[in-house]
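Here is the structure we will look at.
Since every read-out is calculated from the coordinates, none of them should be taken as a lab result. Here the structure is a predicted model, which is why all the values come from computation and not from measurement. Counting neighbours? That spans all protein chains shown, and the Cβs are built from the backbone with ideal geometry, glycine included.
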Amino acid sequence: MLKAPLVGFSWTLIFQIINTLILFYFLRKYLFVPVTGMMESREKSIVDSLQDAERLSQEAENYKQKYYSMLQSAQDEGKELIEKARKNADEKSELILKEAKEETIKLKQKAEEDIRKERKKAVNEIKDEISTLAILAASKI
């Protein structure tokens, strides 16, 4: 009697292994590689989008800082212009007051001089009239 071997050769097992390898090959070639490629492409797209967002955020921050710097500069310049205008106005008002005082002094001096001249003229006229009256009075005597 022949004894049956303990471990037998099974063609079914070999076909199942071959079918599994063929299935693995097709799945890998037509499913895993394209899906992996799409996932890598999507990951790259997401990373690029995040980098762009970070770059744009940084640019926005830079523009914001630049804007605030320019705003502060404009405010400082405005304050400086106002201060200069105020100083200029003060200087002009002081100059106008000084000129007005000088003009007043000159007018007062001129008026006093005119009064002196008129007084002297009046005194001379009175002297002339007195002389004339004295001559007339002397001629009548």
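Considering only the other residues whose Cβ falls under 13 Å of the Cβ of T36, what net charge follows from Lys and Arg at +1 and Asp and Glu at -1?
Working: positive: R28, K29, R42, K44; negative: E40, E43.
Result for the neighbourhood of T36: +2.
What angle, in degrees between 0 and 90 and rounded to the nearest 10, separates the Cα long axis of helix 11-27 from the longest principal axis of the Cα atoms of the chain?
Here the helix axis deviates by roughly 20 degrees.
Of the options L56, S93, L71, report the single residue whose Cα projects farthest towards the positive end of the charge dipole of segment 43-93 (beta-carbon charges: Lys, Arg +1; Asp, Glu -1).
S93
What do you get for the angle between helix 33-140 and the principal long axis of the chain? Use alpha-carbon atoms, 0 to 90 degrees, nearest ten.
With rounding to tens, the tilt is 0 degrees.
Whole percent per 5 Å bin, from 0 to the bin with the longest distance: what is P(r) over all C-alpha pairs of the chain?
All Cα pairs, binned at 5 Å, distribute as 2, 6, 5, 5, 4, 5, 4, 4, 4, 4, 4, 3, 4, 3, 3, 3, 3, 3, 3, 3, 2, 2, 2, 2, 2, 2, 2, 2, 2, 1, 1, 1, 1, 1, 1, 1, 1, 0, 0, 0, 0, 0, 0 percent.
Bins of 10 Å, beginning at zero and ending with the bin holding the largest distance: percent of Cα pairs per bin for segment 58-141, please.
14, 15, 13, 12, 10, 9, 8, 7, 5, 4, 2, 1, 0
What fraction of the Cα pairs in segment 25-66, stated in percent, has a spacing above 12 angstrom?
On the way: 576 of 861 pairs.
Here the tail beyond 12 Å accounts for 67 percent of pairs.
Compute the signed sum of charges (Lys and Arg +1, Asp and Glu -1) over the other residues within less than 11 Å, Cβ to Cβ, of E99.
+1
Using a simple charge model, +1 on the beta-carbon of Lys and Arg, -1 on the beta-carbon of Asp and Glu, nothing else, what dipole does the chain show about its Cα centre, in debye to the nearest 20?
On the way: 25 positive and 24 negative charges, 25 e Å.
That gives a dipole near 120 debye.
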